Structures are given as C-alpha cells and as structure tokens.
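As structure tokens, the structure follows; a few thoughts come after it.
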Ligand SMILES: Cc1cc2nc3c(=O)[nH]c(=O)nc-3n(C[C@H](O)[C@H](O)[C@H](O)COP(=O)(O)OP(=O)(O)OC[C@H]3O[C@@H](n4cnc5c(N)ncnc54)[C@H](O)[C@@H]3O)c2cc1C
C-alpha cells in the first residue's frame, strides 16, 4: 500500500501492493505498463520533465535527430508493445537491407552479416574467411577470458579484430581486451542458448536467408514510444521529481523526494549504477559500494548535415585508422532523414576529448566526416551522455556480488541487456517476478 501526500500518492489508499519505480526511461515506462496491465499499482518518479531517458528526439533546423538510440528493430517484444499502444500504423520503415561498413586500411568495407556478404566482402582475406569456418571446432567461453581472446580463439585474429570485436563492442565504446567474456558476450550467448559453436547456431537462419526484424522509427523520432507510454500511464508518473533516497520502512521501503515521502511495497530501480548507488545507500551500503565499482564510458553524439550519395546504415572505425570518431549512423540513408548523419565520439578511445568544448568536438567530427566520406558536413548539434554507456569492462565482475535485498528489483542496462528490445524484455520479466513475488 502506498502512502504520501504528493499527487501520485493521492491515487492510492487501498491495500493493493504498490511498486515504486525510479526512472521513466524505456525500462521504467515499460515496467509501469506491464505491471499496471496486471493490476499492480505503480508510482513512477522521473527527475526530468519529459519521459524517455536516453531516448530523446529533437527537431533541429527542420531535421529530426536522435540524441540516443537511432532506430528500433521491430522484434517480437517491441511489436507487441507498439500494438498495445496503437502505434504500429505510425511506424516508418527504414532501409533494413543496406550494408553496415567497417573502416579498415583506408576504405569502407562491408561487414558481412549474410552468407552472400561473407563471400564477397573485402574486409577479410580468403585465409581469414577460411579460419572463421574452423569455429565449430572451438570451445565455448572460458572463465577469465577477455572478449578479444575469446573471439580470436573462435574466429582467428583477423576476423576477431576487424569484424566481430568492433560489431560487439561498438555500442559500449570499450576495447574488447578490457571486456571479460563471462560478464558480457558470454551472457548474450547464454540467453540465445549457444554453448559451443556460434556458427552452428546461426547457420540454419543464414542458410534460410532469414532477414533480421525490420528497422523502424516514427516521423517525429523514437521519442514517440516513451511519450505514448507516458500518456497511457499519466496518472502514475511524476515528472520533474527526482528521488533523493530510498529508505527501509517496515516490510517495504520509503521513496524520498524533495517534497514528499512515499511508502511502497517494492522498488524497481532503472537509474544508472552511480545514481542507484547514491539512492540505495540508506538501504544497503554494501550494495551501494558494489554498484559504485561499475565503470561507464561517456559518449558524445555529433549530429551533422551533409550532402552526399552515401548508402548504408553507417560504420565502425577501427582504432588504428587514427580517427577520434568511433563510428557513425548514416540516418539519411538508413531512415531517409534529410542529410542527417550521427557521429559517435568518446568511449574508452579518447578520454581527453571530454575536456574540449562542444565547438571543438563538433569541428573534429565534421573534419573527420569530410576526410572519411569526401563530403562537406556542418554541425547541427553536440550532445554529451554522462555517465554514458555501461562499459561492460572488467569492473563487471562486481555483479557476482550484487545481492539486492528482497523486493528491490534492478531493471537496468547494467544488470541485463542494453538496447530497447532488451529493456522491454527485461521489464516484462521483472513485472512477472514482482507479480509472482519471486
Ligand atoms: C548514444 C546511445 C545510442 C544508443 N543506440 C541504441 C540503438 O540504436 N538501439 C537500441 O536499441 N539501443 C540503443 N542504445 C541503448 C538504449 O538507449 C538504452 O539501453 C536504453 O534506452 C536505456 O533505457 P533505461 O530506461 O534503462 O535507462 P535510461 O534511459 O537511462 O533511463 C533512466 C531514467 O532514470 C531517470 N533518473 C535518473 N536518476 C533519477 C532519480 N534520482 N529520480 C528519478 N529518476 C531518475 C533518468 O532521468 C532517466 O530518464 C543507445 C544508448 C546510447 C547512450
């Protein structure tokens, strides 16, 4: 049962258990949705004035740019949530079948994601391609092994370094030799039931020519999704209301904000690890200490406008190419967004970059774009994500010690998968666990 004097608390007063949710990014919003669908009351608190957390779309000079995720894959859990929200008819399909590139040895080379691309790409030598075919004879992940060592053992040095490591680590901005396979890629393989050979597991899909789910967005950007969830559950969500602490309270917890205290039966935490550590210290200082160990990589997004006949989803740039840019999304091509390109900088590659001002960083991204793609680019926007992306680096071994008290559920991209599909799936699972009282 929830108590408190704020507007959200006013909706309670009966004996229905209430879950207090910290954060109204996609994790917190999807969890609010799945819990309310099952008749559980929620009180969701968001420090910002708007929903979505990392999902933020902006209109700049008449163009839509995405400050966080650039596109959505219409996989099962996303599709059913969009159906629930009556959003499916408003989706805009992107150009799903365009290639993704890796910039290696002064050229953009197709990252092979199908058998045809694997045969034709010039990213790998013939020797490198043949070595990949030996993967079914290698073992699964070993304890203490880095992602780089694991991928090299599986696929050979060339394919590991030029293809698999950049594809996997691209989102996190961490070098593959700083990531332990058992806390990162190994968990993803486990979720897909892959123990031994990765090639054997994916071959049936590749041979059938099964396409991945289509790439989609909305005319006004991805923010439409969190906005629709927030509208649907407007009575349960308090915006501009940062949680300042969580305290134990009898059999439940108290959520404390600047102006109120709310008693709830369970807590769902969706905020970043450093924030969760601060908020949960009064409940469990050891838990807070463990969360503080997790490293993040700050990421800077530079949105550019450029003319050019560039076709593809974007690229990853190998570190030895000497660019500060980690990779790009070519929104103009992938999503038919007028002239828009998004460059990612930062991560673990250039920590000094954060000290520079936005103008300097924008100029670096535009200059490198021109050097890489031969088209003049102007800067639309520079956005800094801090703390940024969970690094999934060696500090993730701390998760072995993450032992939250009963009725505190983590629904986060550092305890489970990053990405919108992963967040929605995790929220659905957490809602089921909270309802079943597991
Ligand atoms: C640059 C970038 C690009 C990405 N690209 C993609 C992509 O293309 N496709 C994809 O699927 N995924 C992508 N991701 C990953 C995906 O965006 C995230 O995994 C997901 O959006 C995280 O959602 P979340 O709700 O778990 O966390 P968040 O979005 O971080 O939400 C947490 C919320 O908690 C709130 N909060 C924090 N402190 C408090 C407090 N004290 N009180 C109340 N509220 C608080 C925050 O304001 C925020 O709204 C990308 C991520 C980044 C950073």
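Can you give the extra length, in nm with one decimal, that the chain gains between residue 370 and residue 211 once fully stretched, where that is 0.36 nm per residue apart less the Cα-Cα distance?
Values: separation 159, 0.36 × 159 = 57.24 nm, distance 3.26 nm.
Full extension of this stretch gives 54.0 nm more.
Quick one: check the C-alpha center-to-center distance for the stretch 47-101 versus the stretch 245-286, whole angstrom. The two parts, judged by their Cα centres, are 31 Å apart.
Residue order for 254, 247, 355, 409, fewest other beta carbons within 10 angstrom first, comes to 355, 247, 254, 409.
Using C-alpha pairs under 8 Å with a sequence gap of at least 6, the mean separation divided by the residue count of the chain gives a relative contact order of 23 percent. Relative to the current alpha-carbon distance between residue 105 and residue 50, full extension at 0.36 nm per residue lengthens the span by 15.5 nm. Summarising the strand pairing of the chain, around 70 percent of its internal DSSP beta bridges are antiparallel. Principal-axis analysis of the Cα atoms of the chain puts helix 420-436 at an angle of about 30° to the longest axis. Take the Cβ-Cβ distance between residue 127 and residue 397 as r, set R0 to 45 Å, and report the resulting FRET efficiency rounded to the nearest 0.05. Between residue 127 and residue 397 the formula returns 0.80. Mean residue ellipticity at 222 nm, helices only, the chain: -8500 deg cm²/dmol; runs of at least 4 DSSP H residues each add -39,500 (n - 2.57), and the sum is divided by the number of residues. With Cα atoms defining each centre, the stretch 324-392 and the stretch 136-199 are spaced 26 Å apart in the structure.
Report the full-extension gain for the segment residue 187 to residue 37: residue separation times 0.36 nm, less the Cα-Cα distance, to one decimal in nm.
Result for the pair: 51.1 nm of gain on full extension.
In plain terms, the residue of 202, 216, 283 with the fewest other Cβ atoms within 10 Å comes first and the most crowded comes last, giving 202, 283, 216. Going by a ≥ b ≥ c, the root eigenvalues of the Cα gyration tensor, does the stretch 171-229 fall in the rounded group (a/c under 1.5), the prolate group (a/b larger than b/c) or the oblate group? Cα axes put the stretch 171-229 in the oblate bin. This ranking places 126, 385, 330 by how few other beta-carbon atoms lie within 10 Å of each, fewest first, which gives 126, 385, 330.
For the chain, the direction-averaged projected area of the alpha-carbon convex hull comes to 20.9 nm². Calculated FRET efficiency, residue 145 to residue 16, Cβ-Cβ distance, R0 = 51 Å: about 0.60 to the nearest 0.05.
How high is the relative contact order of the stretch 115-208? Use alpha-carbon pairs under 8 Å, at least six apart in sequence, and give a whole percent.
With pairs under 8 Å counted, the relative contact order is 35 percent.
Computing FRET efficiency as 1/(1 + (r/R0)^6) for residue 239 and residue 59, where r is the C-beta to C-beta distance and R0 is 22 Å, gives about 0.60.
Computed from the coordinates by the stated procedures, all read-outs in this text should not be read as laboratory data. Just so it is clear, the structure is predicted and the values come from calculations on it, not from any experiment. For neighbour counting, all protein chains shown are included, and Cβ atoms are generated from backbone atoms with ideal geometry for every residue, glycine included.
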